[in-house]
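Engineer: Got a structure for you, written out below as structure tokens; questions coming shortly.
The values are calculated or read from the model by the stated rules, or taken from the named source; none is laboratory data. The model shown is predicted, which means the values in this text are computed figures rather than measured ones. Heads up, the Cβs are rebuilt from the backbone with ideal geometry, glycines too, and the neighbour counts pull from every protein chain shown.
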Amino acid sequence: MQWLGFEWARERYASDYFDRLVDCAVQLIREGKAYVDSLSDEEISAYRGTVTEPGKPSPYRDRTVQENLDLFERMRKGEFPNGAHVLRAKIGLSSPNMKLRDPVLYRIVHASHYRTNDAWRIYPLYDFAHPLSDAIEGISHSICTLEFENNRAIYDWLLENLRGKCGLPASPRPYQYEFARLNLDYTILSKRKLIELVEAGHVNGWDDPRMPTISGLRRRGVTPEAIREFVNRIGVAKANSRVDLGIFEAAVRDDLNYRALRVLAVLRPLKLVLTDFPEGKVEELTAPYWPHDVPKEGSRTVPFSRTLYIEREDFMEHPPKGFYRLTPGGRVRLRHAYVIRCDEVVKDATGTPVELRCTHDPATLGHPPAEGPVKGTIHWVSAPHAATAEMRLYDRLFSVADPEAGEGDFTDRLNPESLTVVEGYAEPSVLRDPPELRYQFERLGYFWRDPVDSRPERLVFNRIVSLRDSWTRRQLAGRTS
């Protein structure tokens, strides 16, 4: 909570109030508004009726106040086994709201509690503990999701019947408000299903950067400011709907645009040798950290040498129309450096290019080439100086927008390419930086060092988000990953 930017008075637990909740249960019994029922769970369900038929009273509904007080006290002392009795509210059996048909308030549970240990043998149900805890804590607005809308009637009944009694304030009383839960495309937010992902090994724990958990988002490199901005953008709804994951990603990009240093890195390297650049010579080129549209200043030096790495995707032997990167005989500008021309392509036994032999124009550092402008600019790193790094490229966890829809198990729709790991290189300036810095690896995406696995001698970078919504473009192109 503090990481997200919020402060709270203290942690609160319903178990802090178990004594007071029992007092309130006793108060209802004394007023004839609660009774101990000895029906089984199956019988209670059958006696409640249906949405078209009213329920019928339990044969134990008319026990006397003294009988109910005695049985409830013996339940509290642990005299009965699990399921022998329950405490129910005496509200009504013909209400159209099935929740109001004498709801269960307490059950016998012979189990150790994680905070109170073995002090209790009866435990309150959520519908009883929730409103009374709110009243004890002075809550004004109790926010729930839409599935609790029908439960609000129990919430109101309990507070109206107990206000000013058993230590509860007479006023003001809390009120429950329901809103739609967040349903995010290509994601699941069900705790039960997230547990299944973790326990089945589909992800690497609760802090896996693909998980929609605070620990997962935090490890991925998403900032609390970006999460708060996302929540501001989507607002609060009263109707169930799904939110485009692109809205979240856009909020993350907008946040990182003004905090991420621009540096050079290569994910899938292709060796490039400048045959006219002297062996052993190293130039220190000045490169700004920020683009012109970000009102910040700062720069660093980047080593430039005879042997470089460029992105493999930035070279094509037989390019399609509109490909403005490097081709045989073609020219491009190296970011912050010179214009180069590809003179020769060296291939391995399979015909795959493994080395490009090029020449550079020394007069083009900071100046346009005399031969005319070039249309493409590509990024690079100096091979002898670059920092080797494991690059973890995270993508959407599921391959369909609504993983819980359709036949089969939701895990059948996991995206097999939600994590791609490649061995890449980053410019050496990152070795001098504090580990919490975020970067934009130019033309590649936003990254930061993994806070768990990265070490100075073995860098690991997590991709926080791509530079643009490449997923939608792949979908439109019929190339769903």
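Engineer: Could you list, in sequence order, the residues of the stretch 36-65 that are in contact (Cβ under 8 Å) with a residue 40 or more places away in the chain, part of a helix (DSSP H, G or I) and of a type in the set (V, I, T)?
Structural biologist: I44
Engineer: Show me the strands (runs of 3 or more DSSP E) entirely contained within the stretch 215-313 in which 1 or more residues are closer than 21 Å to L365 by Cα and of a type in the set (S, T, N, Q).
Structural biologist: Working: elements: 261-263, 269-274, 283-288, 299-304, 307-311.
Because the criterion is at least 1 residues that are closer than 21 Å to L365 by Cα and of a type in the set (S, T, N, Q), the strands (runs of 3 or more DSSP E) in the stretch 215-313 that meet it are 283-288, 299-304, 307-311.
Engineer: List pairs: first in the stretch 184-211 and on the phi > 0 side of the Ramachandran plot, second charged (D, E, K, R), Cβ under 6 Å, 6+ apart or cross-chain?
Structural biologist: Y186/R396
Engineer: Of the conditions (1) within 43 Å of the chain's Cα centre (by Cα); (2) surrounded by fewer than 18 Cβ atoms within 10 Å (Cβ to Cβ); (3) at pLDDT 95 or above, V51 fails just one. Which one is it?
Structural biologist: (3)
Engineer: Out of all the residues in the stretch 80-92, is one or more surrounded by 16 or more Cβ atoms within 10 Å (Cβ to Cβ), of a type in the set (K, R) and over 42 Å from the mean Cα position of the chain (by Cα)?
Structural biologist: Yes: one or more hits.
Engineer: Restricting the search to the stretch 108-118, which residues are touching a residue at least 24 places away in the same chain (Cβ under 8 Å) and either more than 33 Å from the chain's Cα centre (by Cα) or loosely packed, with under 13 Cβ neighbours inside 10 Å (or both)? Don't jump to the end; show me each part of the working.
Structural biologist: Narrowing the stretch 108-118 to residues touching a residue at least 24 places away in the same chain (Cβ under 8 Å): 108-110, 113, 115-116.
Passing the criteria: I108, V109, H110, R115.
Engineer: Somewhere in the stretch 436-448, is a residue surrounded by 20 or more Cβ atoms within 10 Å (Cβ to Cβ), under 18 Å from the mean Cα position of the chain (by Cα) and either part of a loop (DSSP other than H, G, I, E, B) or at pLDDT below 95 (or both)?
Structural biologist: no
Engineer: Looking only at the stretch 66-74, decide whether some residue is touching a residue at least 40 places away in the same chain (Cβ under 8 Å), farther than 13 Å from I122 by Cβ and not aromatic (F, W, Y).
Structural biologist: yes
Engineer: What residue, among those in the stretch 252-298 that are of a type in the set (V, I, T) and farther than 28 Å from Y394 by Cα, is surrounded by the most Cβ atoms within 10 Å (Cβ to Cβ)?
Structural biologist: V273
Residue by residue, here is whether (1) buried (at least 18 other Cβ atoms within 10 Å of the Cβ); (2) under 26 Å from the mean Cα position of the chain (by Cα) holds:
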{"residue": "G366", "(1), (2)": "no, no"}
{"residue": "G376", "(1), (2)": "no, no"}
{"residue": "H379", "(1), (2)": "yes, no"}
{"residue": "A386", "(1), (2)": "yes, no"}
{"residue": "D402", "(1), (2)": "no, yes"}
{"residue": "R413", "(1), (2)": "yes, yes"}
{"residue": "E417", "(1), (2)": "no, yes"}
{"residue": "T420", "(1), (2)": "no, yes"}
